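The values are calculated or read from the model by the stated rules, or taken from the named source; none is laboratory data. Predicted model, so just to flag it, every value in this text is computed and none were measured. Cβ coordinates were reconstructed from backbone atoms using ideal geometry, including for glycine residues, and neighbour counts include every protein chain displayed.
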Amino acid sequence: MPPHPPATRAARRVSRRVRRRRTMLVAGMLVAAIAAGGYALTRPSEADADPSAGRASTQATPPRAEAPEAEPSPLTPPASPTPVGSPPPCDTAEVTAAIAHGSDEDVIAAFGGGEAFRLVVAAGDAPCIDLHRAGRTWVVVNKRNALDPKDYWPVPQARPTAPRIVSGGGWLRADAASALDDLAGAAAADGMGRLGIDSAFRPYDFQVGLYDRYVASRGQQAADLRSARPGHSEHQTGLAVDVVACGTAGCGSHDDFRGTPQATWLAENAWRFGFIVRYEQDRTETTGYAWEPWHLRYIGTELARAYRDGGFSTLEEFFGLPAAPTYAG
Ligand SMILES: [Zn+2]
């Protein structure tokens with residue numbers, strides 16, 4: 001059974017939009033209250049903001065706690081979560097120092113944590129954060145964003161020891177490898193058995209051959225749903241890994257991973273270790289890929305927590321990026 005049946009997913013999406021509109025309303029009223037000298041505006045208006053606007057880069061805040069239903073607001077949602085009068089987030093001493101000398105975790109902490117980081121990035125308020133730059137935990141690689149540089153090679157790398165390496169070298173960027181060990185250990189402790197690694201880091205040249213073989217065997221359209229063109233694969237970042245379920249009879253394959261207890265466990269628990277299931281069911285229009293419950297992407301625990309708490313199902317929406325269903329060229 002899929003982790004999110006279509007009806008439930010649709011209801012979640014509607015609920016998410018309503019909650020976003022509510023939170024944008026509250027944020028907009030606060031900004032207006034400040035501008036009006038401290039008086040909150042309470043008069044509703046027929047001029048409602050487009051509820052779909054909250055899904056774009058102007059998104060002010062993710063859905064959080066439930067709030068009473070509100071009437072439409074005359075206020076335009078604020079484009080930036082940065083308080084009026086505050087320096088741009090990238091200009092603060094903490095962020096400047098973290099970007100120059102710190103780790104990715106230090107940078108996110110300097111912004112105030114995963115959700116604060118996401119908010120300013122999604123609002124276009126953090127020009128110092130380049131979502132296209134390979135080597136950062138927050139890099140977004142999809143059909144519209146190629147790796148930069150194209151031949152990026154992650155270092156340092158390490159090989160997880162808790163999962164069984166079924167095929168490929170099993171190498172990941174070291175922080176992702178360590179996190180995957182923690183994840184695999186927790187899965188085993190929860191009775192999920194041992195996970196296997198079917199594919200982890202894949203260099204650019206390897207992806208050339210892999211994609212060509214897909215095209216030769218299935219045609220380009222089918223290949224593009226399952227395999228990235230060279231320079232567009234998350235596997236090249238060293239932050240993505242395909243897992244399979246192993247048992248006493250050996251390890252299964254991708255295609256029989258769907259619906260397994262391990263797949264369900266991953267969908268519910270991967271975030272605790274900094275991973276997300278990157279290609280969820282029914283999200284092809286945004287991600288460009290078919291449902292792949294086995295493909296995990298490491299984004300670090302801070303961002304993964306914000307992703308989960310916000311109810312997101314694609315990294316594109318999480319960062320306010322346009323959908324990437326097809327290649328630009
Ligand atoms: Zn994969």
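Close contacts from region 219-234, counting a first residue that is under 21 Å from residue 293 (Cα atoms) and in the same structural domain as residue 284 (by TED's automatic domain parsing) and a second that is outside any helix (DSSP H, G or I) and more than 14 Å from the ligand (Cβ to nearest atom), with Cβ to Cβ under 7 Å and a gap of 6+ residues or different chains, come to 229/327; 232/143; 232/146.
Does residue 324 satisfy the condition of being touching a Gly at 6+ places or on another chain (Cβ under 7 Å), outside any helix (DSSP H, G or I) and under 20 Å from residue 137 (Cβ atoms)? When the stated conditions are applied, residue 324 passes them. For beta carbons closer than 6 Å, sequence separation of 6+ or different chains, a first residue in region 160-182 that is of a type in the set (Lys, Arg) and a second that is part of a loop (DSSP other than H, G, I, E, B) and at pLDDT 95 or above, the qualifying pairs are 173/154; 173/238; 173/239. Among the residues that make up region 305-319, is at least one of them more than 15 Å from the chain's Cα centre (by Cα), small (Gly, Ala, Ser) and either within 16 Å of the ligand (Cβ to nearest atom) or crowded, with 18+ Cβ neighbours inside 10 Å (or both)? No: zero hits. If you check 171, 138 for being among the aromatic types (Phe, Trp, Tyr) and in the same structural domain as residue 210 (by TED's automatic domain parsing), only one passes: 171. Taking residues in region 240-256 that are more than 16 Å from residue 293 (Cβ to Cβ), and partners anywhere that are more than 13 Å from the ligand (Cβ to nearest atom), the pairs with Cβ atoms closer than 6 Å and at least 6 places apart or on different chains are 247/193.
Scanning region 164-186 for any residue that is farther than 16 Å from residue 296 by Cβ and in contact with a helix residue (DSSP H, G or I) (Cβ under 9 Å, 6 or more places away or on another chain) turns up nothing.
Restricting 301, 248 to residues that are closer than 22 Å to residue 182 by Cβ and surrounded by fewer than 20 Cβ atoms within 10 Å (Cβ to Cβ) narrows the list to 301. Filtered by the rule that a residue be closer than 18 Å to residue 223 by Cβ and either within 11 Å of the ligand (Cβ to nearest atom) or part of a loop (DSSP other than H, G, I, E, B) (or both), region 279-293 gives 279, 288, 289, 290, 291, 292.
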